[in-house]
Structure formats: structure tokens, C-alpha cells
Amino acid sequence: MLTQALLLSGALFVIGTLGVMVRRNAIIIFLCIELQLNAVNLAFVALSRYTGIEGQLFVFFVMTVAAAEAAVGLAIIISIFRHHETVNVDKFNFLKW
Amino acid sequence: MTEIVFVLFAVVAVGGAIGVVVGRSPVASLLSMIATLASVAGIYVLFEAHFLAAIQVLVYAGAIMVLFLFVIMLLNLGHDYRADVKYGLWYLLSLVVVGLTAGALLQGFMGTGATGVRGDGAAAAAAIDAVVAEKGVVGAIADPLFTDYVVAFELTGLLLLVAIVAAVVLAKPRT
Amino acid sequence: MTGVGTAESAMTALAGVLSPSPSAPGSASGVAAQAAEQWEPLLPGLIVLLPLLGFVLNGILALWAAGHSSAAVRAGEEWNPFAGPSRPRTHTLPTLIGPGVMLLAFILALVNFAGMPADLHDPVIRTYWSWIATDTISVDAALQLDQLSMVMMLVVTGVGFLIHVFSVGYMKDDQGYPRYFAYLNLFVFFMLVLVLGSGYATMFVGWEGVGLCSYLLIGYWFSDRDKSDAGKKAFIVNRIGDVGFLLAMFLLFNNFGTLDFGPIFAGAEGQLAVGGTTVTAVTLLLMLGAAGKSAQVPLHVWLPDAMAGPTPVSALIHAATMVTAGVYMVARSSVLYALAPTSQAVVAGIGVLTALVAATIAMQQYDIKKVLAYSTVSQLGFMFLAAGVGAFTAAIFHLVTHAFFKALLFLGAGAVIHSMHHAAHHADGHLDEQDMRNMGGLGKFMPVTCVVMWIATLAIAGIWPFAGFFSKDEIIWYTAAWAGAGSNPFGTLYTVYWAVALATALMTAFYMTRLMVMTFHGANRTGAAGRSHIHEAPRVMTVPLIVLALLSVFGGWINVPDALQESFAGLFGVLPMSEWLHHWLEPVTHAAAQIQIAGFGEPAHAAPPGGGEVAWAMISTLAAAVTVAVAYRVVGTNKYVPAARDPGPAGVLRRAVYNKWYFDEVYDSLVVRPLLAASRWCWKVIDTVVIDGFVNLTGSFARLSGWTMSLFQTGQVNMYAFVLTLGVLCVLGAAVFLQ
């Protein structure tokens, strides 16, 4: 069942990647990134069955980092929205050279 | 039986993921995402990672997704999704790259599969089961977490604190 | 090679002498442990550390004073430490600290000297810590006490102490009083490291350290451009010699795998062929280093310029101790030199040439310190001549007596300059306080200085019974004996050396008498305004002079030759300690003497050309006395005029000598200017065009590529993700498909 789980993980990852590439809404891009993280988590859990409990520990850490990232990222989105009245990332090019 | 349940969850997870990407409204994407997270949690259970499944549902599907929902509702983003997906040439290019990535992953996972994993799968699974039987589902994770990985654990705590402070500072309106 | 068997047995004997513990050959700790049973030196490390302590304390005071000074300058004023009713603390404490640590060090050295057993054969090595420890080289911070370093230590601390005391009077009114003593203490520290170090590496630390202090003290009055330039000149010329020293150390390390004296000297005869390329190269390179430090031709040009420093510094560093470091180094490496007859001939040749050149220049100088400087160079030449003829004891003996009478001469000159300085303040117009043409007749005003300097003059002239007679006579006698040694390949050459040395000795008597007459006798040329301010030096300056005068009289008696013991020169057997120094240094010089006898046979103990030893001693002292008398008449009748009205020397030869044989000018046109031109070319062409061009090119390239890359920064998050994924894909693809 490991191969199937890894394939599922890969599928989720590429779908998330596609989302990051084609969506303009910053929040949805964010969701897609979470999707990618989840795909990796899934791979970790699947592999932990074969290599040891450490894989699950890593998932724990990834979740923590994801939570921290969500908090900061959403705060940034709110802050940007307050200035520009939009979450369209195409409009966010004010850090460009 | 397990395979059937796995396929079921897998179908829901992939469907939810596609829903996230193509969903027109942010709220729709978010709901699809919750479906995906829930089915991944189910798959965790299939892999005997009960604690992580619970965390997945509580923290991810519960807390983090609700946070996203709050932000969507706070910013009132429910309407502006006319030009949200970039179609056309860019979409094709992205599909090509993603397809190539998928191919590479497929090659990697299919080519090696379970045999590519180092160590004896059955023995490791038996060892985990033994630990779970001895210390319980939470104890099996908590024990290494608070012994071997305690420094990383403390640093994660610090990271969360920093994130909270950063979020407060960023989101606070400048007067 | 006269016989392999002889050399082998000598080597075994040598190995037995130098390395008594066969279980740990070359191990410093092993040797030290062995020797410790015989004799336990009293705190040798403290002798070295005391001057360092003095440096630290005086240095703190100097920084303190500098703080006051800079604060005053910032406020737009000039700091005068002597303005108040009493001298500030920073200018009183060094009086105690500076000479104090020297006195303690000297007493400690004396205690060790008294305790050192006469039959001590092996050097006592005290290892303090491991300085360099790698797979290939290990150097310990270790001190070596043997008879040679003991003699040097006594001279450095003893004469050093007297000069420190003299400095208290001489530098009393100088703003940088604490700084001066800090440097002086630091110098003594490094000098002690130099003479006590147990290997070439440790010696090199001291070697460079004294060079640094020399530089600092020559340029002590650094606000004067000429003086700071003189410091730089000394430093740079010394650097040339140091290249030789370093290369010699590399060669030694390459051959012996160590830089410690013990194993090198023990193994030298076994590993290096007599007269072989390696040992000749090593000794010649060491001689280059010694020539730089000891101001031998052609590297002697820095020493006369070094007179820019305060006069006690000239006495301590540029007469008594530092410049003799080269002699010490050659004597320390006596085993190596004994193995290289060619190098010995070169050393002796350089020595005798230096002695001659410097003596001629000294005859036509007007600056009192310049005369003494060239006299020092000349006497150092004698010491190298002694080392070159294998008479290492004689070299050290002359080093010791020279330290006494030359320090005395410099300090006496310092007293004269000190007094002339006061006169110059009150003179009409400019008055060069060091120009002997402005002096004359000072004997009436400064009787003590006059008398002690006459003693030193008679000593350096080589007149019995003063110290210089015994040491210089021994050098000249050894040169003749060496010329006649059984199978010396350079016999004739040494006979020439002997003749030149004799002539130079007479020149010494002449120019020193000229100095005395011009300074102390005849009519005074200072001018009425300044004359009334000339006075005898204070007691703090005259007492060290008197002590040194006593040493100049009796110092030579430590090594009365056996052959002269029963003659007039030995007061018909009354003088004590026949060849005491010779016997004392025996354990150090023994090995070299063995090698030389094995190589050349005994030096001709028969008399030098023309008569017996006693006769030659009588001839030389009479000749010197006659020269002094003649010079007194000749110079005395010479009508000198004050420097301001003197047109300078007439005649080609006199002008050439007056201009120091144009050494500086030749170096300027042959070395300095071409180097300057080459440097300018490197700057204008290599640096500005080639290197800067290359650097600018890389800059332009970076800028161009940066601009190109910046096009990728579109501000489009999706595109970033796209490129990121593309990159991951590349890596992933490489990992998967290129396995």
C-alpha cells in the first residue's frame, strides 16, 4: 500500500503546485501551499510505517511550521489588503526592481 | 477492505485537491480543502498514525482552515473571482511543467516503490505497533519528542511564539 | 678529510657532551631532566619576565600620559608635564620601575652566575610551554642556560641597568619619559629572549623583537622626519639580513627536522660534510642575518643613522647589546661555522673589511655620535674577525669589553650632548649640539666625563692594562695563529686579514684621540653665550659612567692569556684569572674547537710573524700609545673653527671619507632608485591598467549579468512558483534519470 500512498501524495503535490502557478487569489495560493505540505506529510506518514516513528515526528513539526506560516501569511495578506483593497497577486509587484 | 477504504479516501482527497485549484469562490476552495484534509486524516488512520489523524482534523481542518475562513469573510472576498485563474498559454506552460514533475515523481515512486525504502518494512511496523501497545498512541510520539527531539521541539515552540507576535504586529492597523 | 676515524670519534665525543640521555636524543625535556640533577637555576624565567613587567607598567603610564597629551591637543593647547609645581606621577614612577626591574634582573642573573657550577657541561634547558606543535615541527618556549648565555645575560642586565640609571638623568626633561622606559624595558626583554632562547626559532623571536625596539627607539622623537626615517632605514636594512636568517633556519630545519640548538649541534658533524654545500650555505645565510643586525659591510649603513635615537639608546642598543647579537649568534653556531671553512673566511673577511672601512670613515666625521657609531661598526668587525678565525671566545671577550667601554663612550658623549644642549638653548643662532667643531675645551667644564672618556679611549685603543688591550690583542694574535695553522686553505688570506686588523687597530687609536681632543681639549668653540651654560652632568649620570670606567679598566683581566701571565702584561703573574673566560666558555666552544683541530690541525701556537707573543703584545700596546700621542699632537695643532664657519673637508680622499665612501649614494642609485622606478612602473602599468582593468571588467560583467537576471524579477508570484518548480524539476529529473 506504500506505493499507492506515495502516488497519492505525488498527485496531491502536483495539483497543489499547479494551483500555486495558475491562481491569482493570494488566499487560494496559500491553500495550495498547504495542500503541498499535506502531500509531503502523507508521504512521511506512509514511509514511517516502514522506517520508524521519526516520520510521524516530522509530520508533527511540519504541522507546527504550517500553523506558524498560516498565521504570519494571513496577517501579511490582511496588511496588504488594507493598503491595496485586493488580494490579487498580479497587483502585488511593488517589490519589483 | 483496507484497499477499498484507501481508494475511497484517495478519490475524495484528489477530488478535493482539484476542487481547491479550480474552485471559483475562495469559500468553495476552502471547503474542498477541508474535504481533502479529512480524507488524508483517514489515510493516516490506515497507516496506524492515529494521533496525527486527530491532530490533522483538530488543528488543520479545524483551527487553520477556520482561520482562513475568517480571513476570507473579514476581507469580504466572496465576489471578486472573475479573472482568478490564469488560462491561456500560461496555463498550458504550467500544465507542462507540472506534468513533467508528475512524471518524475511517478518514475521515482513506481520505479523503487516499497523496495526502495531502506530497512525491513514489516519489522519497523511491528516495532511501532509494539511501542504503541506499550505507551499508547500519544506516548509513542511523545516519548521521542520529549527526549531525542526536545531541542527541535522547544525551537518549534519559539517559532510559534515569534509567529504569533509577528501576526499581531502585521495585522495591527497603523494609527 | 684527514681521517674518517678521527671525525667519527670526535663525533661520538661530541654527541656525548651535548646529548647525555641516549634514550631521548634531541628531546629538550630529557636534557633538562638530566641537567636538573646537577644544577637548579634560580627563576631564570623571572629574569626575562622582569623587564617585560617593567614594559607593561611603564607602558600603562605612557598611555596615561598620552591620554593627557591628546586631551590637551584636542583643547587646542600643548601639554607640558613639567608645568606644575611637581612632576606628574607618570613622569616619576618610571624612575623606579625602569631601572628597578633591571636591578632585580641583574641581581637574579648574578645569583645564577654564582650558583652555576664550573664543570657544568650540558646546557640547562627550562621548557615552559609548547609554542608550535605540529606533525613536522615542534618548538618549545624554552630558555637555555649555559656559560655563553650566562655571559650575555650578565652583560645585558648589568650594562643595561647602568644605562637605565643614566637615562633617568638624560631623559629627565623629555615629555615621553614613561614611553622611553617602556621601550627600553621591552628591548631588554627581547634581548634576553634572544640570548636565552634554546633554539633558532626562539632566538628569532628575540631577534625580531630587538629590531622592533631598535626601530621604536631610533624613531623615538618621531615628530622629526629625519629621525623617523632613520628608524625605518634600520628596520628595512635589518629585514634584508633577516631573509638570510630565515632561509638559514629553513635549511637547518630541512636537514635536522628541528630548530633546537641541542640536536642540531649534536648532529651537525654527523649529518653535514665538512665544507659541504649545505653547511656553507647555512652559515653564509646566518652571516647575512648577522651582518644586518650587527651592521657589517655591506649592511652597515643603518647604524650611523640610528644615532638619531636618544644617546643612552645608542649606548645600550647600538653599541653594547643588540648589535652584538650577530656575534653572539655566530658564536652560538660555532659548530656549524667550524664545519664551513669557506664561510669562516667570508666572516673574517667581512669583519676585517668592515673594521677598516668604518675606521677610515670615523677619522673624518664631526658628529661625536657618528664617530662612535663608526667606531662601533669597526669594533664589531673585529668581533666577526675573531669568529671567522675560530676564536669564538675572543669574539665574546671583545663583545664584553666593548660593551663596557663603548657604552661608557656613548654615555660620556650623552653627558656632553646633554650639556651642549643647554648651551645651545642660550647660544646666538643655531648650534649643532653634537658637532665636535662646536665643542673643544670641555674638559675644564666636565672633568669627570673627560677622565672616564679618556679611560674608555685608552681601552678601545688597546693600551695595556685597559680592557680593550686584552680582547683586541687576542683577536689579532689568533688571526696570525690561524693563518699559520697546519692545513688552513686560506692561510695567506688570513695573513692579509692580520695586517689589515693591525692597521685598523692603530686607526682606532687615532680617531678616538681625535674625538677626545676635539671635544675636551684646546680652545672652546661654543661661543660666549652658550659657554657659561656648559656644566658637569648630574650625579645620576656620572655614577654609571664611573662604574663603567672601572669595568673598562679591569674588565680585560678576566681573560689574561696564559702566555702573557708571567710577562709585564700580566703584571708578572699578579693578575688573577688566567684565561678565565676561555675556560668558562670551554663547554660551549669545545665542540667547534675539536672540529677545527680535526680539520686544520692546531693553530700555530708558535709566534705570529716576527717574534713571540709577549713581544707582540708590547709592540701593539706601544704602537697604540704612540698613535695616541701622535694624534694628540696632530689634532691638537689642527685649528678647528665652529661648524657654522667651517667649509668642510678639502681633498678628494678626505671628502670621500667624510661622505662615508658614498655608500648611501651608491645604494641610492643602485638599489633605491631602480626599485622606486620599478615600483612606479608596477603601479602605473601593472596595477592601474592590468589589475584594475581586470577588476573593472569583472565588475562590469557582474553588473551586466545582474541586470540580465533582474529581468526575471517580474513581481509575479505565479511566475516565481513556476521557475521554482522548473528548478526542482531539473534537480529531480537529474536525480531520477541520471542514477
(message) Looking only at the stretch B:60-88, count every residue that is more than 7 Å from chain A (Cβ to nearest Cβ), crowded, with 17+ Cβ neighbours inside 10 Å and modelled with pLDDT of 90 or more and tell me the total.
(response) 1
(request) Might you let me know whether the stretch C:217-225 holds any residue that is part of a loop (DSSP other than H, G, I, E, B), crowded, with 19+ Cβ neighbours inside 10 Å and in contact (Cβ under 8 Å) with a residue 40 or more places away in the chain? (result) yes
(message) Quick check on the stretch B:27-44. Is at least one of its residues over 24 Å from A:G73 (Cβ atoms) and at the interface with chain A (Cβ under 9 Å from one of its Cβ atoms)?
(response) yes
(request) Please state which of the following conditions C:G326 fails to meet, knowing it meets all the rest: (1) touching a Cys at 6+ places or on another chain (Cβ under 8 Å); (2) within 30 Å of C:N254 (Cα to Cα); (3) of a type outside the set (S, T, Y). (result) (1)
(request) Output the number of residues of the stretch C:106-121 satisfying the condition of being at pLDDT 85 or above and farther than 14 Å from C:L145 by Cβ. (result) 2
(request) Among what's in the stretch A:6-23 and is surrounded by 24 or more Cβ atoms within 10 Å (Cβ to Cβ) and within 21 Å of B:L46 (Cβ to Cβ), pick the residue that is farthest from the other protein chains (Cβ to nearest Cβ). (result) A:S9
(request) Please give the number of the condition B:V150 fails out of (1) facing chain A (nearest Cβ under 10 Å); (2) surrounded by fewer than 13 Cβ atoms within 10 Å (Cβ to Cβ); (3) hydrophobic (A, V, I, L, M, F, W, C); (4) under 25 Å from the mean Cα position of the chain (by Cα). (result) (1)
(message) Can you report the number of residues in the stretch C:321-347 which are over 23 Å from C:Y478 (Cα atoms) and out of contact with any Ser or Thr (no Cβ under 9 Å at 6 or more places or on another chain)?
(response) 1
(message) I'd like the residue in the stretch B:49-59 that is more than 7 Å from every other protein chain (Cβ to nearest Cβ) and either closer than 18 Å to A:I78 by Cα or buried (at least 19 other Cβ atoms within 10 Å of the Cβ) (or both) and, out of all such residues, is nearest to the chain's Cα centre (by Cα).
(response) B:Q56
(request) Restrict the check to the stretch C:189-212 and report whether at least one residue is touching a Cys at 6+ places or on another chain (Cβ under 8 Å) and either surrounded by 22 or more Cβ atoms within 10 Å (Cβ to Cβ) or in a helix (DSSP H, G or I) (or both). (result) yes
(request) Could you tell me whether A:A26 is more than 7 Å from chain B (Cβ to nearest Cβ), touching a residue at least 60 places away in the same chain (Cβ under 8 Å) and hydrophobic (A, V, I, L, M, F, W, C)? (result) yes
(request) Would you please list the contacts, defined by Cβ atoms under 6 Å and residues six or more apart or on different chains, that run from a residue in the stretch C:160-178 that is small (G, A, S) to a residue that is surrounded by fewer than 24 Cβ atoms within 10 Å (Cβ to Cβ) and in a helix (DSSP H, G or I)? (result) C:G169/C:V540
(message) Checking C:F106 against (1) in contact with a helix residue (DSSP H, G or I) (Cβ under 8 Å, 6 or more places away or on another chain); (2) touching a residue at least 60 places away in the same chain (Cβ under 8 Å): exactly one of these is not met. Which one?
(response) (2)
(request) List the number of the failed condition for A:M63; all other conditions in (1) surrounded by fewer than 22 Cβ atoms within 10 Å (Cβ to Cβ); (2) at pLDDT 90 or above; (3) more than 24 Å from B:A166 (Cα to Cα); (4) within 7 Å of another protein chain (Cβ to nearest Cβ) hold. (result) (3)
(request) Return the only residue of C:V626, C:V641 being assigned by TED's automatic domain parsing to the domain that holds C:G530 and outside any helix (DSSP H, G or I). (result) C:V641
(request) Output the residues belonging to the stretch A:67-79 that are more than 7 Å from chain B (Cβ to nearest Cβ) and surrounded by fewer than 19 Cβ atoms within 10 Å (Cβ to Cβ). (result) A:E69
(message) For the stretch C:503-516, check the following and say yes or no: at least one residue is in contact with a Leu (Cβ under 9 Å, 6 or more places away or on another chain), assigned to a helix (DSSP H, G or I), buried (at least 17 other Cβ atoms within 10 Å of the Cβ) and at pLDDT below 85.
(response) no
(request) Return a yes/no flag: does the stretch C:369-390 have any residue that is part of a loop (DSSP other than H, G, I, E, B) and at pLDDT below 95. (result) yes
(request) Evaluate the following for B:V11: is it β-branched (V, I, T), at the interface with chain A (Cβ under 10 Å from one of its Cβ atoms), touching a residue at least 60 places away in the same chain (Cβ under 8 Å) and out of contact with any helix residue (DSSP H, G or I) (no Cβ under 7 Å at 6 or more places or on another chain)? (result) no
(message) Out of C:A644, C:A629, C:A656, I need the residue that is touching a Gly at 6+ places or on another chain (Cβ under 9 Å) and surrounded by 11 or more Cβ atoms within 10 Å (Cβ to Cβ). Which one?
(response) C:A644
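The values are calculated or read from the model by the stated rules, or taken from the named source; none is laboratory data. Values in this document were obtained by computation on a predicted structure and should not be read as measured data. Here Cβ is always computed from backbone atoms with ideal geometry, including for glycine, and neighbour counts include all displayed protein chains.
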